[in-house]
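**Student:** Pasting in a structure now, in structure tokens, and then I'll have a few things to ask.
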Amino acid sequence: MKKNLVAFLVLGVMFLKLNAQEFKVKPYLQYATKTSMRILFETEQPTKAVVRYGNALPDAKAPNLSLRVSDDDLRTMHEIELVGLEVETNYFWTVDIIAENGNMFQSKVSTFKTNVKDRTAFSFALVGDSQRNRKDTIVWSRISERVWNSRPNFVVHVGDLVDDGLRVTDWTEQFLPEGYTLMSRIPMYSALGNHENDSEYYYQYMANPNPEYYYSFTYGNAEFFVIDTNRDVTENSEQYNWLEQALAKSTATWKITMHHHPPYSSEENDNGDTYKGLSTYGVMAIRDLVPLYERYGLDFCLYGHVHMYERTWPIKNNMVDQENGVVYINSGGAGGSIEGFAPTRNWFSLEQRPVHHYCTFAVFDKTIVFKAIDIEGRLFDTFQMTKEDHILVVQPPAPILKVADDSFFGQTSFSLEGGFDNLDIHYTLDGSRPTKKSKKYTELVAIKKTTTVNAIAVDQNGNTSRVLTRKIVHVPISKALKVGKLKQGVRYEYYEGEWEKLPNFKTLRSLSKGVVKNFKIQGLNKREDSWGLVFDCYYYAAHSKVYNFFTRSDDGSQLLINDIMVVDNDGDHSVRQMDGSIYLEKGYHKMEVRYFDNHHGHQLDTGGLENGKKYSFSTKSLFYD
């Protein structure tokens, strides 16, 4: 009898383990709207899946799960969107997964609430930098539990969700499981941090609208604008132009931006060592966004990156303005090791605290109640803001330029349009600054050479926008080479040295050489820091057309085709992506990729771009002689 009981218990434990193993990542919520919700989860083996759900019913004896959405394709990563939901409504939901052998497993029954109506009060939580903390490994777990206990409608995360976005276990064994209680019931909207490394895992596990690295969403009477400050956000960049249009068009009572890096920060040494000299007290490239924030009536700018808490005075025109200023909140306290403040106080800083924490915003109509709460649950900062009517936008946004591709061969054309109705557009093509007397845009403009387009929008009252500047490049041509017998693969040579930019490798002696399948640096025998590589091969272009290539590296890299510089990503820098274009005739072309590592991490990724999507080089397109 005792043996049978033991055997039964062993089988039960084995069943529970098997059940748990079927979910590599338990189901959680992403990107909610008034009528939809996305549910994501990952299984150990390919499975089919069904989400059963239903709205909460009065006097129910059990959760209503009468509706269902199926994913009948066998896969490991599932993203299922529930649509046609009712606004501001409580729902129950669960996930059934069906393995190839027919075994079925069910997740726990959970809850969510759809986004509220425009005039309903709501609350949201702010977190940042939940990355792994090697000294205190359960910070994110504790913070997410605190956030869950505050019962917000949703959570915004300002980046550095994980310590290394390229390491899948950071997602599957740290961020997602430690945040499971919260994320299985409360949807999260996220921004990219530098530690995500723009990895495929971020786009796999976090579901946001295309192109995902920037987007906007509305909740109640607030609109949120999410951008990626790891990419270019200077004036006339893609994200800058999008953000200007989005802010100018917004009619929300509350306008809030969220990104990772700080335009204002009192941190001690990120932007200059304050114990030895001066600091810029913020990332100057991000400071380019501040005029947009001030021009279009932004209320809050939320960010992380610096592992501390700081709230500024309302700021406008680089001074305190309590009527029309923007409040900047640094909330980087959900995981990473806490950093210190500069030894002297800055003019813009109102509240500071070096502590793990999270923040909440309670919103109703024109009033917000804000709280900052530490990891022990102690309130350490709070304020209430009631705002006046909207600030009237006087300056129209810059025009929108549309072109098939910023790089072309032969001939192309572009169009211009205003962000608002009843705007006149004037432009120049000779590099000069446009005025109201410059040529007025009426129809598509054809160009046959590299051209810099400058354009302004003018409203009916004569107010003019800033100047939109866009360079449309006529790319060089690379003629196909005659080659002999080739083998698949890429040759490489390995060097060692300390550099801050790519050296002339031809003047140096390589320490080793060999042949690999592609341009990956993983697996090569190299030291930790201060080394370089030169890859060379023949790339086979299957079609005669314009090809877009990129390198994404830490530190510098370059990509050349037939000795023509196509991508120049040189310099001592953290992970950064640059791209370039060239017209390739069908056939073989000499390709060279140069790379060096200085210190503090190394990474190289290179490939092609098509319709904005990255792709890796096929090993069938790379050859050596």
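**Student:** Could you look through region 212-239, keep only residues that are of a type in the set (S, T, N, Q) and in contact (Cβ under 8 Å) with a residue 24 or more places away in the chain, and pick out the one that is surrounded by the fewest Cβ atoms within 10 Å (Cβ to Cβ)?
**Tutor:** Filtering first and then ranking leaves THR234.
**Student:** Is there a residue in region 355-375 that is surrounded by 14 or more Cβ atoms within 10 Å (Cβ to Cβ), aliphatic (A, V, I, L, M), at pLDDT 95 or above and farther than 21 Å from VAL147 by Cα?
**Tutor:** Within region 355-375, not a single residue is surrounded by 14 or more Cβ atoms within 10 Å (Cβ to Cβ), aliphatic (A, V, I, L, M), at pLDDT 95 or above and farther than 21 Å from VAL147 by Cα.
**Student:** Which of the residues spanning region 120-147 are within 24 Å of the chain's Cα centre (by Cα) and not in a loop (DSSP other than H, G, I, E, B)?
**Tutor:** Residues satisfying the conditions are SER123, PHE124, ALA125, LEU126, VAL127, VAL139, TRP140, SER141, ILE143, SER144, VAL147.
**Student:** Continuing with the same structure: Which ones in region 335-374 are farther than 15 Å from ILE143 by Cβ and in a loop (DSSP other than H, G, I, E, B)?
**Tutor:** If we filter region 335-374 for residues that are farther than 15 Å from ILE143 by Cβ, which is where we start, we get 339-352, 354, 361-370.
Matches in region 335-374: GLU339, GLY340, ALA342, PRO343, THR344, ARG345, ASN346, TRP347, PHE348, PRO354, ASP365, LYS366.
**Student:** Within the group SER432, SER415, SER438, SER465, which residue is of a type outside the set (Val, Ile, Thr) and in contact (Cβ under 8 Å) with a residue 40 or more places away in the chain? Even if it seems obvious, please write down each step before you answer.
**Tutor:** Working: SER432 fails: in contact (Cβ under 8 Å) with a residue 40 or more places away in the chain; SER415 fails: in contact (Cβ under 8 Å) with a residue 40 or more places away in the chain; SER438 fails: in contact (Cβ under 8 Å) with a residue 40 or more places away in the chain.
Just a single option satisfies the conditions, and that option is SER465.
**Student:** Here is a further query. Please verify whether GLY431 is assigned by TED's automatic domain parsing to the domain that holds ALA457 and surrounded by 14 or more Cβ atoms within 10 Å (Cβ to Cβ), treating the condition exactly as stated.
**Tutor:** On the way: assigned by TED's automatic domain parsing to the domain that holds ALA457: yes; surrounded by 14 or more Cβ atoms within 10 Å (Cβ to Cβ): no.
Considered against the rule, which asks whether it is assigned by TED's automatic domain parsing to the domain that holds ALA457 and surrounded by 14 or more Cβ atoms within 10 Å (Cβ to Cβ), GLY431 comes out as no.
**Student:** Then there's this: Has region 222-237 got any residue that is over 26 Å from ALA342 (Cβ atoms), assigned to a loop (DSSP other than H, G, I, E, B) and small (Gly, Ala, Ser)?
**Tutor:** Checked region 222-237: at least one residue is over 26 Å from ALA342 (Cβ atoms), assigned to a loop (DSSP other than H, G, I, E, B) and small (Gly, Ala, Ser).
**Student:** VAL127 - would you say it is free of Cβ contacts under 8 Å to residues at least 24 places away in the same chain, surrounded by 15 or more Cβ atoms within 10 Å (Cβ to Cβ) and either out of contact with any Lys or Arg (no Cβ under 8 Å at 6 or more places or on another chain) or assigned by TED's automatic domain parsing to the domain that holds TRP148 (or both)? Walk me through it before giving the result.
**Tutor:** Working: free of Cβ contacts under 8 Å to residues at least 24 places away in the same chain: no; surrounded by 15 or more Cβ atoms within 10 Å (Cβ to Cβ): yes; either out of contact with any Lys or Arg (no Cβ under 8 Å at 6 or more places or on another chain) or assigned by TED's automatic domain parsing to the domain that holds TRP148 (or both): yes.
No, not satisfied.
**Student:** Mind listing whichever residues of region 376-403 are loosely packed, with under 12 Cβ neighbours inside 10 Å, under 30 Å from TYR309 (Cα atoms) and of a type in the set (Val, Ile, Thr)?
**Tutor:** THR386
**Student:** Continuing with this model, one more query. Any residue in region 138-161 that's assigned by TED's automatic domain parsing to the domain that holds ASN208: show its pairings with residues that are crowded, with 22+ Cβ neighbours inside 10 Å and assigned to a helix (DSSP H, G or I) at Cβ separation under 6 Å, as long as the two are six or more apart or on different chains.
**Tutor:** The qualifying pairs are TRP140/GLU178; SER141/GLU178; SER144/LEU182; VAL147/LEU182; TRP148/LEU182; ASP160/HIS195; LEU161/PHE175.
**Student:** A further question follows. Can you report the number of residues in region 305-322 which are part of a loop (DSSP other than H, G, I, E, B), farther than 14 Å from TYR281 by Cα, of a type outside the set (A, V, I, L, M, F, W, C) and in contact (Cβ under 8 Å) with a residue 12 or more places away in the chain?
**Tutor:** 3
**Student:** Right, here's the next one. Since LYS387 meets every condition but one in (1) in contact with a helix residue (DSSP H, G or I) (Cβ under 9 Å, 6 or more places away or on another chain); (2) at pLDDT below 95, which condition does it not meet?
**Tutor:** (1)
**Student:** Tally the residues that are in a loop (DSSP other than H, G, I, E, B), touching a Gly at 6+ places or on another chain (Cβ under 8 Å) and closer than 23 Å to LYS34 by Cα, restricting the search to region 157-201.
**Tutor:** 2
**Student:** Determine whether region 111-119 contains at least one residue that is within 28 Å of GLU310 (Cβ to Cβ), in contact (Cβ under 8 Å) with a residue 60 or more places away in the chain and either out of contact with any helix residue (DSSP H, G or I) (no Cβ under 9 Å at 6 or more places or on another chain) or not in a strand (DSSP E or B) (or both). Walk me through it before giving the result.
**Tutor:** The first filter runs over region 111-119 and keeps only residues within 28 Å of GLU310 (Cβ to Cβ), leaving none.
No, there is no match, as no residue in region 111-119 is within 28 Å of GLU310 (Cβ to Cβ), in contact (Cβ under 8 Å) with a residue 60 or more places away in the chain and either out of contact with any helix residue (DSSP H, G or I) (no Cβ under 9 Å at 6 or more places or on another chain) or not in a strand (DSSP E or B) (or both).
**Student:** Hey, any hits in region 517-536 for a residue that's farther than 17 Å from LEU604 by Cα and not in a loop (DSSP other than H, G, I, E, B)? Give the steps one after another, and end with the answer.
**Tutor:** Looking only at region 517-536, we keep the residues that are farther than 17 Å from LEU604 by Cα, and these are none.
No.
**Student:** Tell me the strands (runs of 3 or more DSSP E) entirely within region 390-494 that contain at least 2 residues that are farther than 30 Å from LYS586 by Cβ and under 31 Å from the mean Cα position of the chain (by Cα). Give the steps one after another, and end with the answer.
**Tutor:** On the way: elements: 400-403, 412-417, 424-428, 445-447, 451-458, 468-474.
Fully inside region 390-494 and qualifying: 400-403, 412-417, 451-458, 468-474.
**Student:** Continuing with this model, one more query. Among (1) crowded, with 20+ Cβ neighbours inside 10 Å; (2) not polar (S, T, N, Q); (3) not in a helix (DSSP H, G or I), there is one condition PRO209 misses while meeting the rest; what is its number?
**Tutor:** In the conditions (1) crowded, with 20+ Cβ neighbours inside 10 Å; (2) not polar (S, T, N, Q); (3) not in a helix (DSSP H, G or I), PRO209 misses (1) alone.
**Student:** Can you tell me which of GLY514, GLY489 is modelled with pLDDT of 90 or more and loosely packed, with under 14 Cβ neighbours inside 10 Å?
**Tutor:** Details: GLY489 fails: loosely packed, with under 14 Cβ neighbours inside 10 Å.
Testing whether each residue is modelled with pLDDT of 90 or more and loosely packed, with under 14 Cβ neighbours inside 10 Å leaves just GLY514.
**Student:** Right, something else. Please find, among PHE519, PHE535, the residue that is closer than 30 Å to SER237 by Cα and either of a type in the set (A, V, I, L, M) or touching a Phe, Trp or Tyr at 6+ places or on another chain (Cβ under 9 Å) (or both).
**Tutor:** Working: PHE535 fails: closer than 30 Å to SER237 by Cα.
Just a single option satisfies the conditions, and that option is PHE519.
**Student:** Go through region 483-504 and report how many residues are touching a residue at least 12 places away in the same chain (Cβ under 8 Å) and out of contact with any Leu (no Cβ under 9 Å at 6 or more places or on another chain).
**Tutor:** Keep residues of region 483-504 that are touching a residue at least 12 places away in the same chain (Cβ under 8 Å), which gives 483-503.
Of the ones still in play, those that are also out of contact with any Leu (no Cβ under 9 Å at 6 or more places or on another chain) are 483-487, 491, 498-503.
Counting residues in region 483-504 that are touching a residue at least 12 places away in the same chain (Cβ under 8 Å) and out of contact with any Leu (no Cβ under 9 Å at 6 or more places or on another chain) gives 12.
**Student:** Looking at TRP242 and the list (1) closer than 22 Å to MET206 by Cα; (2) of a type outside the set (Ser, Thr, Tyr); (3) buried (at least 23 other Cβ atoms within 10 Å of the Cβ), which single condition is not satisfied?
**Tutor:** Unmet condition: (3).
**Student:** Among the residues in region 261-268, are any polar (S, T, N, Q) and either assigned by TED's automatic domain parsing to the domain that holds THR89 or surrounded by fewer than 20 Cβ atoms within 10 Å (Cβ to Cβ) (or both)? Talk me through it step by step, then tell me what you get.
**Tutor:** Pass one, region 261-268, residues polar (S, T, N, Q): 265-266.
Remaining after also requiring either assigned by TED's automatic domain parsing to the domain that holds THR89 or surrounded by fewer than 20 Cβ atoms within 10 Å (Cβ to Cβ) (or both): none.
Looking through region 261-268, none of the residues is polar (S, T, N, Q) and either assigned by TED's automatic domain parsing to the domain that holds THR89 or surrounded by fewer than 20 Cβ atoms within 10 Å (Cβ to Cβ) (or both).
**Student:** Check ASP421, ASP406 and return the single one that is under 30 Å from ASN236 (Cβ atoms) and exposed (fewer than 13 other Cβ atoms within 10 Å of the Cβ). Let's see the steps before the verdict.
**Tutor:** Numbers: ASP406 fails: exposed (fewer than 13 other Cβ atoms within 10 Å of the Cβ).
ASP421 is the lone residue from the list that is under 30 Å from ASN236 (Cβ atoms) and exposed (fewer than 13 other Cβ atoms within 10 Å of the Cβ).
**Student:** Among the residues of region 606-625, how many are farther than 20 Å from VAL515 by Cβ and in contact (Cβ under 8 Å) with a residue 40 or more places away in the chain? Please lay out each step first, then the result.
**Tutor:** Keep residues of region 606-625 that are farther than 20 Å from VAL515 by Cβ, which gives 608-615.
From what's left, in contact (Cβ under 8 Å) with a residue 40 or more places away in the chain: 608-610, 612, 614.
So the count comes out to 5.
**Student:** Being in a strand (DSSP E or B), surrounded by 19 or more Cβ atoms within 10 Å (Cβ to Cβ) and either at positive phi or among the aliphatic types (A, V, I, L, M) (or both) is the filter here; which residues of region 561-577 pass it?
**Tutor:** ILE561, VAL566, VAL567
The values are calculated or read from the model by the stated rules, or taken from the named source; none is laboratory data. Just so it is clear, the model here is predicted, and its values are computed rather than measured. Don't worry about glycine lacking a Cβ; one is built from the backbone with ideal geometry, like all the others, and counts go over all protein chains shown.
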